């Protein structure tokens, strides 16, 4: 089978030999190393066989003076197929151009569908997509991947909480989740408001219920702040106590900061390479040679090529290699202490509710040595310390 494929690429000729002394002529061909097959007789003085195209010149030389008549009946194989294609080059070129056009059209953006967004939000999304180049009629190869589109839309449009982007064939499908409007107050069952933590009361806003503490009072965790029982003794009515009780609370945090640290940074140098990927085979298209950087990070982006409704095992891969350098940062001790203080403040803010405010800070302890600085800071915070606690059935003041 392997030899048959080789001879197909070389070219195959069907030869008819007519005359006397055919057997002697066949033996002469074999002695001269000519490969023939499918030998069959057409009569007493006629025989037919197949041979390789590149042996025809030897056949002509051997047949001189033999008195035999040589006819070439049939031509097969790649050389003759290629010749016929050249004779029909117009059809061939038309077929290639047709396939190229279909492939290009199959990789263009033909639709953008947005679901789950209000008209005003949808208009903003379309404008943002237009800025990114995601528009009908543009080739998908020149558009960023869906993860990047999703990230930019979420970051740049305040009205949306999340957006899912999916490319199906030639259409981008976007599923949008908008930010919810403030929820309507839910019905609350009868409850008290109690302290979540130790604090000193600085202000109170009671919407419903009876306050049982006052400003400047010091409270402990679980202590009653606003009662959900109102009315005269013995005629109490249970209500859902509502309001805010602002208290001064205290936090302590500790930060350890190395004086010397190393990290990787980009220096601005980069090399871009583009390859055509067919299965596991990669064919360089642009950007040849080795990467000369000692340390670098590679960002890869692969664009699949579609043909009508099929995804071909062919893709365009672009790689960006960014050079990295090792940077060493050394703080002065005074500078390190200030940075440690800022880090401590950020750490506390991350632990507090959004409405909480830091009103004071005091460094309790700070140490420094050759390797690091250690800072302990006490923070004073104003926050809502009230938490709902259901009223137990049968409870009365």
- Task: Would you confirm whether any residue within the stretch 80-96 is loosely packed, with under 13 Cβ neighbours inside 10 Å and farther than 30 Å from residue 12 by Cβ?
- Result: no
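When the stretch 17-31 is examined, which residues are found to be exposed (fewer than 15 other Cβ atoms within 10 Å of the Cβ) and either in a loop (DSSP other than H, G, I, E, B) or in contact with a strand residue (DSSP E or B) (Cβ under 8 Å, 6 or more places away or on another chain) (or both)?
Listed by number, the residues that qualify are 20, 21, 30.
Tell me whether the stretch 67-79 contains one or more residues that are outside any helix (DSSP H, G or I), exposed (fewer than 11 other Cβ atoms within 10 Å of the Cβ) and at pLDDT 85 or above. Explain how you work it out, then say what you get.
As a first pass, look at the stretch 67-79 and keep what is outside any helix (DSSP H, G or I): 67-77.
Filter once more, keeping what is exposed (fewer than 11 other Cβ atoms within 10 Å of the Cβ): 67, 73.
This time we only want the ones that are at pLDDT 85 or above, so: 67, 73.
Yes; the residues of the stretch 67-79 include at least one that is outside any helix (DSSP H, G or I), exposed (fewer than 11 other Cβ atoms within 10 Å of the Cβ) and at pLDDT 85 or above.
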- Message: Residues to consider are 280, 309, 301, 267; find the one that is touching a residue at least 40 places away in the same chain (Cβ under 8 Å) and loosely packed, with under 11 Cβ neighbours inside 10 Å.
- Response: 309
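Residues are listed down the side, and each one gets a yes or a no for (1) surrounded by fewer than 13 Cβ atoms within 10 Å (Cβ to Cβ); (2) in contact (Cβ under 8 Å) with a residue 40 or more places away in the chain; (3) farther than 24 Å from residue 319 by Cα:
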| position | (1), (2), (3) |
| --- | --- |
| 124 | no, no, yes |
| 140 | no, yes, no |
| 145 | no, yes, no |
| 151 | no, no, no |
| 158 | yes, no, yes |
| 197 | no, yes, yes |
- What are the residues in the stretch 359-376 that are farther than 14 Å from residue 257 by Cα and touching a residue at least 24 places away in the same chain (Cβ under 8 Å), if any? 359, 364
- Can you name the residue in the stretch 105-122 that is surrounded by 12 or more Cβ atoms within 10 Å (Cβ to Cβ) and in a helix (DSSP H, G or I) and, of all such residues, is nearest to the chain's Cα centre (by Cα)? 106
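Find the residue count for the stretch 260-287, including only residues that are part of a loop (DSSP other than H, G, I, E, B) and either modelled with pLDDT of 85 or more or under 16 Å from residue 318 (Cβ atoms) (or both). Working first, answer last.
Kept after step one, since they are part of a loop (DSSP other than H, G, I, E, B), are these residues of the stretch 260-287: 279-280, 287.
Then keep just the ones that are either modelled with pLDDT of 85 or more or under 16 Å from residue 318 (Cβ atoms) (or both); that gives 287.
Going through the stretch 260-287 one residue at a time, the tally reaches 1.
Specify the residue that is nearest to residue 123 (Cα to Cα); the eligible residues are those in the stretch 170-195 that are surrounded by fewer than 14 Cβ atoms within 10 Å (Cβ to Cβ) and modelled with pLDDT of 85 or more. I'd like the intermediate steps shown before the answer.
We begin by selecting, within the stretch 170-195, every residue surrounded by fewer than 14 Cβ atoms within 10 Å (Cβ to Cβ); these are 171, 177, 179-187, 189.
Now narrow it down to the ones that are modelled with pLDDT of 85 or more: 171, 177.
Values: 171: 18, 177: 15 Å.
Residue satisfying both the conditions and the ranking: 177.
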- Check whether at least one residue in the stretch 323-331 is touching a residue at least 12 places away in the same chain (Cβ under 8 Å), in a strand (DSSP E or B) and closer than 30 Å to residue 141 by Cα, and report yes or no. yes
- Task: Taking only the stretch 123-143 into account, find how many residues are closer than 21 Å to residue 309 by Cα and not in a helix (DSSP H, G or I).
- Result: 7
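For the condition assigned to a strand (DSSP E or B), touching a helix residue (DSSP H, G or I) at 6+ places or on another chain (Cβ under 8 Å) and modelled with pLDDT of 85 or more, what is the one hit in 320, 253?
Details: 320 fails: touching a helix residue (DSSP H, G or I) at 6+ places or on another chain (Cβ under 8 Å).
Unique residue meeting the criteria: 253.
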- Item | residue 167 touching a residue at least 24 places away in the same chain (Cβ under 8 Å), assigned to a strand (DSSP E or B) and surrounded by 13 or more Cβ atoms within 10 Å (Cβ to Cβ) | yes
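The values are calculated or read from the model by the stated rules, or taken from the named source; none is laboratory data. What you see is a predicted model; the values in this text were computed from it and never measured. As a convention, Cβ positions derive from the backbone with ideal geometry for all residues, glycine included, and neighbour counts pool all protein chains shown.
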